[in-house]
Amino acid sequence: MMKLNKKGVSPLIATVLLIAFAVALGAVVMNWGRAYVEDTANFAQQKSDTEIKCITDAKLDFLTIDGVRKVCFNSSFGSTGAVHFIVQNTGTAQVTGLTLTAITEDGIDNKTIAVNLSRSGLFKAEMNFTTATTSVQTFRIIPQIKIQGKDTLCPKNELVEDSPLTC
């Protein structure tokens, strides 16, 4: 019978190797965790900065003359009808666009308008419909402003007219 001469790793070297492996694994996990936390914190900061800027700087109101808001639906405009409105920028930021949404008995119509509406400026426009419609139940305008060089919609500051619109 042949005797095999097997030698194992000494307990001291095995312990050192296990500790080194645990330290290396811990370093990898800590680096991944740090990068994840930094990315999450940056995303949260950017989102909160955007929301705060939208809430504080982007504000619109319908122009009101003698207690009458200047927003109405004219069903005799062309063959499809149109909503006519005048808005005023009451916020501190320049409004670069408007997203219009009209909820009618036939469905929902959307339109985006590029504008250059400075502080306290007025903007008069109309939203023509793609299909013939006889009434508008709700009309919404969402302002868009530039935040850090990017056009950003501010839906929390939407301007809503829920009463029946007639001219």
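The values are calculated or read from the model by the stated rules, or taken from the named source; none is laboratory data. It should be emphasised that the depicted structure is a prediction, and the values quoted were computed from it without experimental measurement. With ideal geometry, Cβ positions are generated from the backbone for all residues, glycine too; neighbour counts draw on all protein chains shown.
Tell me, please, whether a residue that is under 30 Å from GLN45 (Cα atoms) and in a loop (DSSP other than H, G, I, E, B) can be found in region 73-90.
Yes, some residue in region 73-90 is under 30 Å from GLN45 (Cα atoms) and in a loop (DSSP other than H, G, I, E, B).
Given the criteria surrounded by fewer than 10 Cβ atoms within 10 Å (Cβ to Cβ) and at pLDDT 85 or above, does ASP57 qualify? Before you say what the answer is, go through the steps one by one.
Details: surrounded by fewer than 10 Cβ atoms within 10 Å (Cβ to Cβ): no; at pLDDT 85 or above: yes.
Against the criterion (surrounded by fewer than 10 Cβ atoms within 10 Å (Cβ to Cβ) and at pLDDT 85 or above), ASP57 does not qualify.
Kindly check whether there is at least one residue in region 96-112 that is β-branched (Val, Ile, Thr) and touching a Gly at 6+ places or on another chain (Cβ under 7 Å). Outline the logic, then answer.
Step one: list which residues in region 96-112 are β-branched (Val, Ile, Thr), which gives 96, 99, 101, 103-104, 108, 112.
Still in the list and also touching a Gly at 6+ places or on another chain (Cβ under 7 Å): 112.
Yes, some residue in region 96-112 is β-branched (Val, Ile, Thr) and touching a Gly at 6+ places or on another chain (Cβ under 7 Å).
Given the conditions (1) within 27 Å of VAL160 (Cα to Cα); (2) surrounded by 10 or more Cβ atoms within 10 Å (Cβ to Cβ); (3) of a type outside the set (A, V, I, L, M, F, W, C), which single one is not true for ASP66?
Status for ASP66: all satisfied but (2).
Filter region 68-125 down to the residues that are without any contact (Cβ under 8 Å) to a residue 12 or more places away in the chain and of a type in the set (Val, Ile, Thr), then identify the one that is nearest to ILE145 (Cα to Cα).
This residue is ILE108.
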